[in-house]
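Structure first, then comments.
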Amino acid sequence: MSGIAATVFAAGALVAPLPASAAAPQFLIAGIQYDPVGKDTRTNAHINLEYISIRNNTTRPLSLKGYRIRDAASHVYYFPPTFVLKARSTVLVHTGKGRNSANHLYWGSGNYIWNNDGDTARLQNSLNKVIDFCTYKYVANRAALAC
């Protein structure tokens, strides 16, 4: 939606979209760590190695009140109503449990959210409008991303 091109660093590693020539939205999906290194132990520590990063592209702090992240299987993360993302900052939304801070939020899931073989993340505002989305797919020992 936002006209974002993408780069893939390694299979299962951080997938990071790069800005295209079109104007970027205020918030965008900056990357998805969808397959943490190591065996899937389903411990909270390993689940928290999986995350999605959201970037504030503006020069001012912005509220994410009412915003949500949704995957293809309809897992939904709601941003805390008082959460404000600083200007030109990125917040990591970890899949597991933890203590929220300015740059780290926690989905609270006891299991992995982002599928290793491919998924779609949608960042939606309080009116359910898709602000940005990112789709990735694992293909023959390398990940391919279309955003």
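Listing for the model above:
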read-out	value
Accessible surface, 1.4 Å probe, highest first, among residues Leu127, Leu28	Leu127, Leu28
Ranked by how many other beta carbons lie within 10 Å on average, peptides 61-69, 41-49 from highest	61-69, 41-49
Integer Hz, Karplus 6.51/-1.76/1.60 couplings in order for the range 95-104, x for Gly and Pro	5, x, 9, x, 9, 5, 9, 5, 10, 9
Placed amide H near His104: partners under 5 Å, 5+ positions off or other chain	Leu92
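The values are calculated or read from the model by the stated rules, or taken from the named source; none is laboratory data. Not measured: the values here are computed from a predicted model. Methodologically, a virtual Cβ is constructed for each residue, glycine included, from the backbone with ideal geometry; neighbour enumeration extends over all protein chains shown. The area values use the complete protein model at the heavy-atom level, side chains included, leaving out ligands, DNA and RNA. Shrake-Rupley method; radii C 1.70, N 1.55, O 1.52, S 1.80 Å.
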